[in-house]
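Chemist: Structure provided below as structure tokens; questions to follow.
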Amino acid sequence: MVPDDEGGGLMRADLLTDVVDGLDEALAAVDGFDGALVDGLLRPRPAQAVGLAGLADAVAGSPLAGRVAEAAEKTAAGAAGEDHFVALAAARTALLGSVHDALVARVGEAVGRPRPEESGTDRPGTQEPTANLLIAARSWLCDLARAGWRGIDHELVAGAAPVVSAMLPEPGLRRLAALLDGFAAELAASCPGAALEHVPVRRWADLWSRAVLLTLPGAASAPAVGEVTGRLLPLGVDVQEHATAVQAQVHAVFEPADGGPARLVRASVSAPKPDTVVGAGLWQLLRPHMSLLAAVGEGRAVEVDAMPVTAEGDLVWDDARARTGEPAEVFATARVALPAAAAAPAAPLDRHPVRIAVPVLVEGYAVEEGDDGMAFLIAGQRLAVDVGRVPAAGPLTPEVIASSGACVGLLRWDAGEFLLQPLAVERTVRKKAVAVHAGAWAGGTTDKAGVRAEKAATDAVTVLRERAGRLLRK
């Protein structure tokens with residue numbers, strides 16, 4: 001709940017727990033198709049045919065109806081061609097897109113924030129990449145669908161390697177190439193599929209359907225990019241870590257210099273990493289690339305001049321177009337500027353429930369801890385807190401969150417419910433309100449625990465660089 005007298009209005013937490021009409025039915029149709037992919041679509045069994053028919057029924061009232069109905073029928077008969085698999089992937093993506101839109105609309109109602117404008121499909125004209133590479137990628141993906149996840153083996157998965165190698169020199173194909181490369185590596189690590197104890201059904205179907213649609217001409221075109229000038233007020237940092245890569249995504253409110261309406265934006269920086277660099281050491285890999293991280297750590301605004309931005313609200317960060325501004329307290333920004341900030345529309349292929357990450361402020365809650373995790377009780381409603389997403393590279397811990405009375409976080413949706421990922425919390429220490437941020441160490445720290453973690457990471461990075469230097473000299 002955000003009190004009215006602090007400029008935020010009220011969060012209708014009850015709307016986050018109410019049933020969304022049609023949501024379960026749409027997800028059931030997706031699950032039915034995903035289940036059909038497990039055993040493959042070369043010779044579908046009756047249960048798989050039911051899943052295919054369910055997908056067709058779910059889009060019967062849409063422009064996709066005819067193509068998907070034909071695709072489901074041909075696939076159930078074991079006579080599907082590549083166009084039929086493309087139609088099925090499109091239907092699945094459209095259903096998840098409708099789920100995304102319904103959930104985003106529900107969040108908008110709950111927080112009373114302006115709705116995103118409809119996203120267009122127009123893109124700047126670009127030269128189409130080599131068509132035969134797209135065809136080759138689509139052929140491999142269709143072979144995967146016929147074999148199914150239980151039917152994958154190293155020979156089948158290895159078929160992606162020459163396609164990826166040929167795609168990488170083409171800038172317009174690198175997005176698809178990276179997806180295929182990562183997907184193939186994940187499948188290779190799981191071969192043979194017949195021996196898998198657990199199949200990540202939804203994940204692999206997500207990757208497959210997205211890759212299939214990216215093989216269509218124009219689907220992977222670069223998003224339209226404009227420029228913005230004004231003031232950036234950071235809300236927090238979301239750190240996403242992988243064994244070989246790390247990304248820090250800053251969520252912020254942007255106030256245009258011309259006095260236009262405020263909007264929500266994101267700015268991201270990524271870096272490769274060795275798997276031995278963890279915790280606070282991650283910042284050492286990221287800091288050289290973006291001055292915004294230092295501003296976040298210091299609690300300051302950033303003045304940007306003609307900064308490139310996509311239609312989806314992602315800043316293409318350029319340090320030369322930014323300078324550190326005045327102090328900007330996150331909770332002041334959340335109480336005053338956040339309620340009126342409009343979100344950018346999602347790109348068509350990005351309309352998926354997993355992509356939902358809406359910055360919100362909650363206050364006046366009670367904290368509940370149990371065997372099923374932590375939750376905030378807001379006006380009698382339970383909102384689960386995803387402490388697993390809070391990075392170890394900062395002072396924000398589950399214990400700190402449990403002692404808080406206000407939280408700025410990202411509202412997400414997973415496993416059938418809304419979750420709150422904390423970015424910063426406010427708690428009372430010696431009768432004073434003290435803010436603790438997940439990104440507090442982004443620009444460096446004097447905190448004792450942070451200093452120790454930084455030193456350990458520095459030693460590890462130094463050793464790795466020395467070893468890499470020796471290898472290069474040899």
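Chemist: May I ask you to say which residue of ARG92, ARG115 is under 29 Å from the mean Cα position of the chain (by Cα), of a type in the set (D, E, K, R) and closer than 25 Å to ALA147 by Cα? First the steps, then the outcome.
Modeler: Details: ARG115 fails: closer than 25 Å to ALA147 by Cα.
On inspection, the qualifying residue turns out to be ARG92.
Chemist: Being of a type in the set (S, T, N, Q) and under 20 Å from ARG138 (Cβ atoms) is the filter; apply it to the range 183-228 and report the residue that is modelled with the highest pLDDT. Working first, answer last.
Modeler: Just the residues of the range 183-228 that are of a type in the set (S, T, N, Q), to begin with: 190, 209, 215, 221.
Filter once more, keeping what is under 20 Å from ARG138 (Cβ atoms): 209, 215, 221.
Details: SER209: 98, THR215: 95, SER221: 69.
In this case the residue turns out to be SER209.
Chemist: Still on this structure, please answer the following. Name the residues in the range 332-373 that are crowded, with 18+ Cβ neighbours inside 10 Å, over 30 Å from THR310 (Cβ atoms) and not acidic (Asp, Glu), would you?
Modeler: Listed by number, the list holds a single entry, TYR365.
Chemist: Now for a different question. Residues being crowded, with 21+ Cβ neighbours inside 10 Å and hydrophobic (A, V, I, L, M, F, W, C): count how many of those fall in the range 65-89. It would help to see each step written out before you state the result.
Modeler: Of the range 65-89, the ones crowded, with 21+ Cβ neighbours inside 10 Å are 68, 71-72, 75-76, 80, 84-85, 87-89.
Now restrict to residues that are hydrophobic (A, V, I, L, M, F, W, C): 68, 71-72, 76, 80, 85, 87-89.
Of the residues in the range 65-89, 9 are crowded, with 21+ Cβ neighbours inside 10 Å and hydrophobic (A, V, I, L, M, F, W, C).
Chemist: Can I ask one more? Filtering the range 283-300 down to residues that are over 15 Å from SER268 (Cβ atoms) and charged (D, E, K, R), which residue is modelled with the highest pLDDT?
Modeler: ARG300
Chemist: Still on this model: Just checking, how many residues over the range 132-178 are modelled with pLDDT of 95 or more, under 24 Å from the mean Cα position of the chain (by Cα) and surrounded by fewer than 18 Cβ atoms within 10 Å (Cβ to Cβ)?
Modeler: 0
Chemist: While we're looking at this one, here's another question. Can you name every residue in the range 159-182 that is within 23 Å of ALA80 (Cα to Cα) and assigned to a helix (DSSP H, G or I)? Lay out the reasoning, then the answer.
Modeler: So in the range 159-182, the residues within 23 Å of ALA80 (Cα to Cα) come out as 159-160, 163, 180.
Within the range 159-182, ALA160, VAL163, LEU180 meet the criteria.
Chemist: Out of the range 376-393, which residues are of a type in the set (Gly, Ala, Ser) and in a strand (DSSP E or B)?
Modeler: ALA384 - this is the single residue of the range 376-393 that is of a type in the set (Gly, Ala, Ser) and in a strand (DSSP E or B).
Chemist: Now for a different question. Restricting to the range 45-63, name every residue that is of a type outside the set (Val, Ile, Thr) and crowded, with 21+ Cβ neighbours inside 10 Å.
Modeler: Across the range 45-63, the qualifying residues are GLN48, GLY51, LEU52, LEU55, ALA56, ALA58.
Chemist: Answer yes if at least one residue in the range 31-48 is at pLDDT 95 or above, more than 24 Å from TRP149 (Cα to Cα) and either touching a strand residue (DSSP E or B) at 6+ places or on another chain (Cβ under 7 Å) or not in a helix (DSSP H, G or I) (or both), and no otherwise.
Modeler: Looking through the range 31-48, none of the residues is at pLDDT 95 or above, more than 24 Å from TRP149 (Cα to Cα) and either touching a strand residue (DSSP E or B) at 6+ places or on another chain (Cβ under 7 Å) or not in a helix (DSSP H, G or I) (or both).
Conditions (1) within 17 Å of GLY279 (Cα to Cα); (2) in the same structural domain as LEU285 (by TED's automatic domain parsing); (3) under 19 Å from the mean Cα position of the chain (by Cα); (4) in a strand (DSSP E or B), marked per residue:
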residue: LEU396; (1), (2), (3), (4): yes, no, no, no
residue: SER404; (1), (2), (3), (4): no, no, no, no
residue: GLY409; (1), (2), (3), (4): no, no, yes, yes
residue: ARG412; (1), (2), (3), (4): no, no, yes, yes
residue: PHE418; (1), (2), (3), (4): no, no, yes, yes
residue: GLN421; (1), (2), (3), (4): no, no, yes, yes
residue: ARG427; (1), (2), (3), (4): no, no, no, yes
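Chemist: Just wondering, is there one or more residues in the range 245-264 that are outside the structural domain of PRO422 (by TED's automatic domain parsing), in contact with a Pro (Cβ under 6 Å, 6 or more places away or on another chain) and at pLDDT below 90?
Modeler: So far as the range 245-264 goes, yes, one or more of its residues are outside the structural domain of PRO422 (by TED's automatic domain parsing), in contact with a Pro (Cβ under 6 Å, 6 or more places away or on another chain) and at pLDDT below 90.
The values are calculated or read from the model by the stated rules, or taken from the named source; none is laboratory data. The structure presented is a predicted model; accordingly, all values stated were derived computationally and were not measured. In this analysis, Cβ positions are derived from the backbone assuming ideal geometry, glycine residues included, and neighbour counts consider all displayed protein chains.
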